[in-house]
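So the structure is just underneath, and the comments pick up after that.
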Amino acid sequence: MNHFIQFLTYFRIIAGPIIFILILIPQSYGAALAILLLASVSDYWDGFLARKYALTSVLGAVLDPIADKILITFVVIALSLNLESIYIGFLGSLMLAREYWVSALRDFNAREGNAGATKVTFLAKTKTFVQLVTLILFLLGLFLGSALILFVADLFLFLALIITMQTGLSYTIATFKQ
């Protein structure tokens with residue numbers, strides 16, 4: 001079971017570049033969407049299975065959020081290129097900057113013995129969920145050729161940005177509260 005859980009995490013890491021390439025090939029939106037759906041579901045299952053079978057590890061705790069960041073980075077960049085969207089590029093860049101900032105905070109807190117300050121919260125899990133739903137909506141809109149779904153995805157991207165920034169602010173305050 002432990003190998004399967006690790007596979008799910010590694011799958012998200014590998015899926016990012018594959019989805020990037022598929023997004024840039026217009027006839028491949030369906031394949032990109034399918035892989036993103038699988039990667040999104042794997043994010044839930046690796047954590048669920050690790051907790052259920054008491055197979056959590058330090059490596060898993062480090063790799064899981066990194067896998068999410070790699071996946072989201074590749075998809076956001078590919079979408080902003082494909083759709084030639086300054087909006088996706090800018091909001092996506094703000095979200096990614098927050099991700100790198102929180103990674104730095106986690107490293108800092110680990111060194112300072114304050115890891116609890118950046119412990120994953122329910123809102124942070126919600127953030128990842130909303131980000132993935134947003135990216136799925138963009139790919140669904142491209143796959144179906146639906147401007148309405150792409151518009152809804154733009155709205156979700158703004159919502160994802162708000163939640164992303166809120167969690168980043170919360171982690172920052174918790175880190176420097178002392």
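Summary of computed values
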{"item": "Odd one out for residue 125 among (1) farther than 14 Å from residue 163 by Cβ; (2) surrounded by fewer than 18 Cβ atoms within 10 Å (Cβ to Cβ)", "result": "(1)"}
{"item": "Among residues of the stretch 99-109, those that are of a type outside the set (D, E, K, R), open to solvent by less than 70 Å² (accessible area, probe 1.4 Å) and either farther than 17 Å from residue 128 by Cα or out of contact with any Gly (no Cβ under 8 Å at 6 or more places or on another chain) (or both), counted", "result": "4"}
{"item": "Selection count where residues are out of contact with any helix residue (DSSP H, G or I) (no Cβ under 8 Å at 6 or more places or on another chain) and touching a residue at least 60 places away in the same chain (Cβ under 8 Å), scope the stretch 145-178", "result": "1"}
{"item": "Extreme residue, surrounded by the fewest Cβ atoms within 10 Å (Cβ to Cβ), among residues of the stretch 82-98 that are assigned to a helix (DSSP H, G or I) and touching a residue at least 60 places away in the same chain (Cβ under 8 Å)", "result": "87"}
{"item": "Pairs where the first residue, in the stretch 113-135, is over 15 Å from residue 169 (Cα atoms) and the second is open to solvent by 60 Å² or more (accessible area, probe 1.4 Å), C-beta under 7 Å, 6+ apart", "result": "130/156; 130/159; 133/156; 134/156"}
{"item": "The stretch 20-54, subset surrounded by 20 or more Cβ atoms within 10 Å (Cβ to Cβ) and hydroxyl-bearing (Ser, Thr, Tyr), residue farthest from residue 136 (Cα to Cα)", "result": "42"}
{"item": "Subset of the stretch 115-145 [more than 18 Å from residue 81 (Cα to Cα) and among the small types (Gly, Ala, Ser)]", "result": "115, 116, 117, 124"}
{"item": "Residue match in the stretch 49-57 (condition: of a type outside the set (Val, Ile, Thr) and touching a Phe, Trp or Tyr at 6+ places or on another chain (Cβ under 6 Å))", "result": "no"}
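The values are calculated or read from the model by the stated rules, or taken from the named source; none is laboratory data. What you see is a predicted model, and the numbers here were worked out from it, not measured in a lab. Reconstructed Cβ throughout: ideal geometry from the backbone, glycine too, with neighbour counts over all protein chains shown. Remember, those area values only see protein heavy atoms, side chains included, never the ligands or the DNA or RNA. Shrake-Rupley method; radii C 1.70, N 1.55, O 1.52, S 1.80 Å.
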